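Heads up, the thing below is written out as structure tokens.
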There are 2 protein chains.
Amino acid sequence: MSASSDRRGRATIEDVAAAAAVSVATVSRSLRGLPNVAKSTRDRVTDAATSLNYRPHPSASRLASGQTRIIEIAVPVLNSWYFSEVLAGAEAVLSECGYSLSISAVASPEEREKFIRDAVAADGADGLIMVDLPLDELEASVLAESRMRVVTAGVESGRFESVVVDNVEIGRKAVRHLFERGHRRIGILSGQSDDPLHFTVPGDRVVGYAEQLTSFGIEVDPALSCVGNFSVDGGKESMLTLLRLEDRPTAVFAISDEMAFGAMAAVRENQLSVPHDVAIIGVDGHDLSEVMGLTTIDQHVEDHGVMAARRLVEILEGAAESPLHLEIETTLVVRSST
Amino acid sequence: MSASSDRRGRATIEDVAAAAAVSVATVSRSLRGLPNVAKSTRDRVTDAATSLNYRPHPSASRLASGQTRIIEIAVPVLNSWYFSEVLAGAEAVLSECGYSLSISAVASPEEREKFIRDAVAADGADGLIMVDLPLDELEASVLAESRMRVVTAGVESGRFESVVVDNVEIGRKAVRHLFERGHRRIGILSGQSDDPLHFTVPGDRVVGYAEQLTSFGIEVDPALSCVGNFSVDGGKESMLTLLRLEDRPTAVFAISDEMAFGAMAAVRENQLSVPHDVAIIGVDGHDLSEVMGLTTIDQHVEDHGVMAARRLVEILEGAAESPLHLEIETTLVVRSST
DNA sequence: CTACTTCATGTAAGCGCTTGCATATCCCGG
DNA sequence: CCGGGATATGCAAGCGCTTACATGAAGTAG
């Protein structure tokens with residue numbers, strides 16, 4: 001109505017100031033809850049802001065304050081059960097705390113390196129959550145020197161806080177469970193363990209598997225170890241390979257539930273039954289594991305996101321930062337597949 | 001080293017200008033590829049920028065230019081197969097085109113309304129993709145009056161471009177397929193169809209189901225219709241209900257693959273077999289449908305995200321905007337469940 | 001050789017906020 | 001009745017860019 005709404009739609013802090021008959025400084029202070037504002041003034045400002053449907057312009061306040069209230073989150077891929085759980089957990093706490101979440105898919109180590117350089121140089125976020133993206137020395141120091149606070153999830157980084165699970169223990173747990181069920185010939189479907197800087201999770205689980213077997217006095221048979229690619233298909237292919245063995249395993253540890261699903265399908269396709277002919281245990285606590293009757297080691301994935309986000313917010317709001325590694329407990333959920 | 005790197009880490013446009021011995025205006029023009037810059041100058045500037053590892057400060061250039069190169073994407077939930085596929089598709093094209101992706105989970109109509117008001121008032125993005133979030137009249141006009149360009153996915157909005165599938169046709173297709181397989185008593189597992197402003201997809205699929213049955217001269221039996229909640233568990237529960245019927249269906253149309261998975265589990269739990277006792281068809285083209293042997297109507301979900309993002313970018317780069325509804329074809333994939 | 005174009009570059013005014021500092025007001029004890 | 005410390009508010013200088021406009025340097029035609 002009045003002359004204030006000239007600039008198509010958006011009300012600025014000046015409009016509010018005019019409406020409340022105060023200076024823009026007072027509006028800024030009032031709206032952000034800073035001290036030394038008279039109650040009556042603050043009310044007047046709040047009313048004016050409300051009636052104008054005013055929101056501070058994000059870019060302007062970011063530029064002026066140097067804080068963006070944006071959190072970047074980088075994941076290897078988006079369309080995967082695991083990462084969308086993490087994302088969901090992180091989003092819930094971040095939006096609750098008034099942060100925006102900006103996501104990027106960072107598939108390869110090259111992309112990762114570029115992502116980090118760009119992110120740091122552009123300086124567009126207050127914080128960064130790296131999910132299952134191991135950092136090399138250079139990347140870590142580039143990040144450490146930036147204004148951004150960093151929390152990693154899924155992998156430890158040494159220089160930043162992280163939320164992790166004990167993947168070695170997961171491997172042990174799985175073997176222990178199968179051993180208790182009477183299995184002695186235990187196979188494993190793992191992920192690609194080639195590049196330690198690409199993805200360390202599979203390696204650790206394999207280590208735990210081998211460790212526990214050894215401590216049970218069982219020799220680790222390389223023939224029983226198959227490398228899939230963390231996918232349903234990968235699990236299926238690998239399982240088919242194992243089934244073709246003369247002396248095939250009586251139980252199989254799939255290092256992810258999705259691989260386990262593939263494995264179950266492979267077993268059934270061979271007219272064999274789970275768990276009678278082959279017992280299968282997975283890792284994740286995937287939505288579908290219950291309905292599939294899959295025994296799994298639940299790693300409470302959504303909590304990874306929740307914890308990482310929570311910790312990052314704490315750090316940003318001033319909590320002491322210590323390169324501590326928050327460990328999420330895993331729980332064995334026994335179902336009909338073992 | 002030199003006096004330029006005073007401001008902890010970040011190089012500003014002034015540093016670049018100084019290094020290249022030109023004005024900041026020239027740096028800006030050079031780096032953004034604007035015309036009227038001598039080749040030699042542009043090279044000098046580019047070199048300086050590279051060696052300083054300079055990136056324009058996002059907030060500053062956003063404030064000055066009025067463009068953010070941020071796209072908001074709102075989905076009902078993040079941890080769902082469907083939405084993470086959409087997200088993955090959108091992210092791929094947006095990052096390719098140099099946009100950042102900011103995500104929000106918007107669960108209820110109330111949150112949706114708040115989300116829209118905030119987004120418009122804050123004016124923090126150039127564009128917005130609303131996935132499976134129907135807009136009421138007021139919301140649509142609030143959005144229409146904003147600076148943001150909007151594309152919807154999953155639902156048509158009338159006022160904005162959208163990418164959709166023909167959900168009625170999906171219902172028909174499913175019934176047609178089951179009919180051709182000889183089934184006459186066909187049940188349906190649908191989602192909650194109560195609130196048309198909450199989610200319209202289930203309703204349309206039910207309509208197609210009913211339509212096709214009718215046109216085959218089969219009366220629609222309300223007893224064969226069960227409302228789940230788009231989840232595996234929902235599908236399982238609903239299926240159990242149907243199985244308890246005296247005259248149970250010989251085939252069931254689950255309006256999502258995840259519900260179909262639940263249904264398959266329910267059937268097996270009753271010592272019955274799929275497809276012998278009950279045939280099941282789903283919708284989605286879920287990653288696991290192949291391994292589960294589920295017949296499904298693939299709706300190429302990732303493409304929804306790709307198309308929505310692509311169209312939004314086109315609009316932002318100046319393409320004519322027409323409230324057209326880009327329709328993604330669906331394809332029946334027959335497997336062992338029918 | 002001059003007048004008029006073009007093209008290249010610089011100048012400076014914002015963009016809408018935040019925030020350090022200055023100013024004004026009020027209340028209290030002496 | 002006055003000085004001084006709180007408390008409340010305003011002033012104005014940025015934050016790091018973009019961009020309209022002014023200026024300068026060449027080139028071109030008459």
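Since every read-out is calculated from the coordinates, none of them should be taken as a lab result. Since the model is a prediction, treat every value here as computed from it, not as a measurement. A quick note on method: Cβ atoms are made from the backbone with ideal geometry, for glycine too, and the neighbour counts reach across all protein chains shown.
Per-structure values
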quantity	calculated
Where labels lie 7 Å past Cα in the beta-carbon direction, separation of A:Arg147 and B:Glu317 in nm	3.1 nm
Helix axis angle, A:167-180 relative to chain A longest principal axis, alpha carbon, degrees	40 degrees
Residues whose placed amide H lies under 5 Å from that of A:Gly191, excluding near-sequence neighbours	A:Gly228
Inter-chain Cβ neighbour average for residues B:312-323, partner chain, 10 Å	0
Global geometry of the protein assembly as shown, whether rounded, prolate or oblate, following the gyration tensor of its Cα atoms and the 1.5 cut on a/c	oblate
Additional length obtainable on full extension of the chain from B:Ile218 to B:Ala25, 0.36 nm per residue less Cα span	62.2 nm
Bridge type composition, the protein assembly as shown - antiparallel percent by DSSP, nearest 5	10 percent
Candidate aspartates and glutamates for bridging to B:Lys39, where Cα separation is under 14 Å - those fewer than 8 sequence places away on the same chain excluded	B:Asp47
Calculated FRET efficiency for the pair A:Asn36/B:Asn53, C-beta based, R₀ 35 Å, to 0.05	0.30
Cα gyration tensor category, rounded, prolate or oblate, for region B:220-273 with a/c compared to 1.5	oblate
Other copies of B:Arg268: label-to-label distances in nm, shortest first, labels 7 Å along the beta-carbon direction	0.3
10 Å Cβ shell holding at most 10 others, DSSP loop, GluC sites (Glu not before Pro): longest site-free stretch of chain B	B:1-218
Residue list for region A:126-149, given a label point 7 angstrom along the Cα-to-Cβ vector of B:Ala60 and an amide N cut-off under 19 Å	A:126, A:146-148
Two-site FRET efficiency, B:Asp247 against B:Asp43, from Cβ-Cβ distance with R₀ of 51 Å, rounded to 0.05	0.05
Residue-count net charge about A:Gly305 - beta-carbon cut-off 9 Å; Lys, Arg +1, Asp, Glu -1	-4
Three-way shape call for region A:167-298 based on the alpha-carbon gyration tensor, with the a/c threshold at 1.5	rounded
J(HN,Hα) series, region B:62-75, from Karplus relation 6.51 cos²θ - 1.76 cosθ + 1.60, nearest Hz, glycine and proline x	5, 5, 5, 8, x, 10, 9, 6, 10, 10, 8, 9, 10, 10
Radius 14 Å from Cβ of B:Leu272, net charge of other residues (Lys, Arg +1; Asp, Glu -1)	+2
Residue with peak Gaussian network fluctuation, chain B [Cα springs, cutoff 10 Å], from B:Ala223, B:Ala122, B:Ala38	B:Ala38
Sequence-separation-based contact order of chain A, relative, with Cα cut under 8 Å and 6+ spacing, percent	16 percent
Residues whose placed amide H lies under 5 Å from that of B:Ala279, excluding near-sequence neighbours	B:Ala251, B:Val252
Exercise: per-residue mean of other protein chain Cβ atoms within 10 Å, A:47-60	4
Interchain or long-range residues, amide H under 5 Å from B:Thr152's placed H	B:Met130, B:Glu161, B:Ser162, B:Val163
Relative contact order, percent, region B:167-298 [alpha-carbon distance under 8 Å, six or more residues apart]	25 percent
Angle between chain B longest axis and helix B:109-122 axis [Cα atoms, degrees, rounded to 10]	10 degrees
For B:Ala319, label point 7 Å along C-beta direction: distances to other copies, nm	4.5
Fewest-first ranking of A:Ser141, B:Ser322, using other Cβ atoms within 10 Å as the exposure measure	B:Ser322, A:Ser141
Choice from B:Thr46, B:Thr152, B:Thr214 with maximal GNM fluctuation in chain B (Cα, 10 Å cutoff)	B:Thr46
Relative contact order, percent, region B:1-141 [alpha-carbon distance under 8 Å, six or more residues apart]	22 percent
Cα-Cα separations in chain A greater than 29 Å, expressed as whole percent	50 percent
Ranking of B:Leu324, A:Leu52 by count of other Cβ atoms within 10 Å, fewest first	B:Leu324, A:Leu52
Spatial separation of Cα centroids for region B:246-320 and region A:90-156, in angstrom	34 Å
Residues B:Thr26, A:Thr41 arranged by fewest to most Cβ contacts within 10 Å	A:Thr41, B:Thr26
Residue-averaged [θ]222 nm for chain B, counting only DSSP H segments that reach four residues, each worth -39500 (n - 2.57)	-13500 deg cm²/dmol
Listed peptides B:279-286, A:76-83 by packing density, highest first (mean Cβ within 10 Å)	B:279-286, A:76-83
Candidates A:Arg181, A:Arg147, A:Arg159, ranked by Gaussian network fluctuation over chain A, Cα under 10 Å, top entry	A:Arg181
All lysines inside 26 Å of A:Lys236 as judged from Cα atoms, apart from same-chain residues fewer than 8 positions distant	A:Lys173, B:Lys236
In nm, spacing of pseudo-spin labels at B:Ser108 and B:Gln67 (7 Å Cα→C-beta vector)	3.9 nm
